[in-house]
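Asks: Following this message is one structure expressed as structure tokens.
The values are calculated or read from the model by the stated rules, or taken from the named source; none is laboratory data. Here the structure is a predicted model, which means the values were calculated and not measured. FYI the Cβ positions are ideal-geometry reconstructions off the backbone, even for glycines, and counts take in every protein chain you see. In case anyone asks, the SASA skips ligands and DNA or RNA and just uses the protein heavy atoms, side chains included. Shrake-Rupley method; radii C 1.70, N 1.55, O 1.52, S 1.80 Å.
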Amino acid sequence: MKYLSPVQQAAFNAQVWHLVRQVPPGRVITYGQVAALLAPPPGVEAQDYTAWGAVWVGNALAACPQDVPWQRVLNAQGKISLRPGSGGQRQRQLLEAEGVIFDPQGRVDLKRFGWEGPAQGR
């Protein structure tokens, strides 16, 4: 594996956290969308970033400060990505408290609840 994490991980994590802090309550974004809204880290080829960016976003959110609304980031299917020991129940509770609705398969309608990025709604 060529890239397990970005070379400048702290800087990348800070960019992820800054972007995710902008996701409004009641809206969601995917790991891949967060990655796509950020430039590839220095020294990382675009195709490698496309392959690894979403994973790096997930890793950044696993280590985020408390003021980052991590619960608003879902996988590409609109589902909660389960991590060992996390269960995902807390994430679902937080999103439902914001008015996000899950279908019977545990998916969120990304067209209805999705957030396109900082320029949306301006």
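Asks: If you take the C-alpha gyration tensor of the stretch 18-85, multiply each eigenvalue by 5 and take the square root, what semi-axes do you get, largest first, in whole Å?
Replies: Three semi-axes, in Å: 20, 13, 12.
Asks: Relative to the longest principal axis of the chain, what angle (0 to 90°, nearest 10) does the C-alpha long axis of helix 9-20 take?
Replies: The angle comes out at about 30 degrees.
Asks: What spacing in nm lies between the two simple spin-label points modelled at Ala63 and Gln93, each 7 Å away from Cα in the Cβ direction?
Replies: 2.7
Asks: Ok, one more. May I ask you to give the percent of accessible area on the chain that is carbon plus sulfur, with a probe radius of 1.4 Å?
Replies: Exposed carbon and sulfur together represent 53 percent of the surface.
Asks: Using modelled backbone amide H atoms (1.01 Å from N, in-plane), which distant-in-sequence or interchain residues come within less than 5 Å of Leu74's amide H?
Replies: Result for Leu74 returns Ile29, Thr30, Tyr31.
Asks: Ok, one more. Given Cα pairs under 8 Å that are at least 6 residues apart, what percent is the relative contact order of the stretch 1-108?
Replies: 30 percent.
Asks: Which one of Gly43, Gly58, Gly106 has the biggest mean-square fluctuation once the chain is modelled by GNM with Cα springs under 10 Å?
Replies: Sorting by GNM fluctuation, first place goes to Gly43.
Asks: Ok, one more. Say we join alpha carbon atoms closer than 10 Å with springs in a Gaussian network model of the chain; which of Gln91, Gln33, Gln105 then has the biggest fluctuation?
Replies: Most flexible of the set in this elastic network: Gln105.
Asks: Shape call for the chain from the C-alpha gyration tensor, a ≥ b ≥ c root eigenvalues: rounded (a/c under 1.5), prolate (a/b greater than b/c) or oblate?
Replies: Note, shape of the chain comes out prolate.
Asks: How tilted is helix 46-62 with respect to the longest principal axis of the chain? Cα atoms for both, answer in degrees (0 to 90, nearest 10).
Replies: Rounded to the nearest ten degrees, it is 60.
Asks: While we're on this one: Hey, what's the stretch 1-57 come to in accessible area per residue, 1.4 Å probe, Å²?
Replies: Heavy-atom accessible area per residue stands at 53 Å².
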